[in-house]
Amino acid sequence: MASLFKKKTVDDVIKEQTKELRGTQRQITRDRTALEKQEKQLEMEIKKMAKTGNKEACKILAKQLVQLRKQKTRTYAVSSKVTSMSTQTKLMHSQMKMAGAMGATTKTMQAVNKKMDPQKTLQTMQNFQKETAKMEMTEELMNDTLDELFEDSGDEDESQDIVNQVLDEIGIEISGKMVHAPSAGRAKPAASASKADGISDEDIERQLKALGVD
């Protein structure tokens, strides 16, 4: 029951009209087919009357044939008109669909434009650029600080490793002989001992400089 009181939309009206036009076109085709059958029958009757010599009957039947052919010609004109109406209806329907789509798009664009303030958008972009720059600067400072810490620690460890390597090469142990090394007052015996071992202080200093240890 609700469908009976439902208001028809434009699409419903166009669908109904298109359906009616198709029905009209089929009816015109059936009428033309019937007229063609009558036309053939009249032609046969005229030939028959002509053979019998009945001129009056031939004239009457000929007039009917002329009227019938005119009526058949009018069916072609009506059919062409119906086809044109159907085409116009489809074109109008397409135009309405396109207009509806354009209207919906326009409303969407209007809503977006209302919510999107150009000044606010520009301000937001500028703030974003500022914060990004601050973040990059902070990150760069943190990286520099960490690099300095790790580089200092690494240099110290690396320097100690070089010293240990050199001392190992000349046969001096830091935990052992380095603690009991001779004092400055006993430099000569130490020097003589070094010479006895074949390695002088100058050789040690030269090896340290070669390894980059001052």
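The Kirkwood hydrodynamic radius of region 1-61, based on inverse pair distances between different Cα atoms, is 15.6 Å.
Remark: region 94-100, residue by residue, has Karplus-estimated 3J(HN,Hα) of 5, 5, 5, 4, 5, 5, x Hz, where x stands for each Gly or Pro and the curve is 6.51 cos²θ - 1.76 cosθ + 1.60 at θ = phi - 60°.
Taken together, the values in this text are just the output of simple stated rules run on the coordinates, not laboratory data. Keep in mind the model is a prediction, meaning the values are calculated, not measured.
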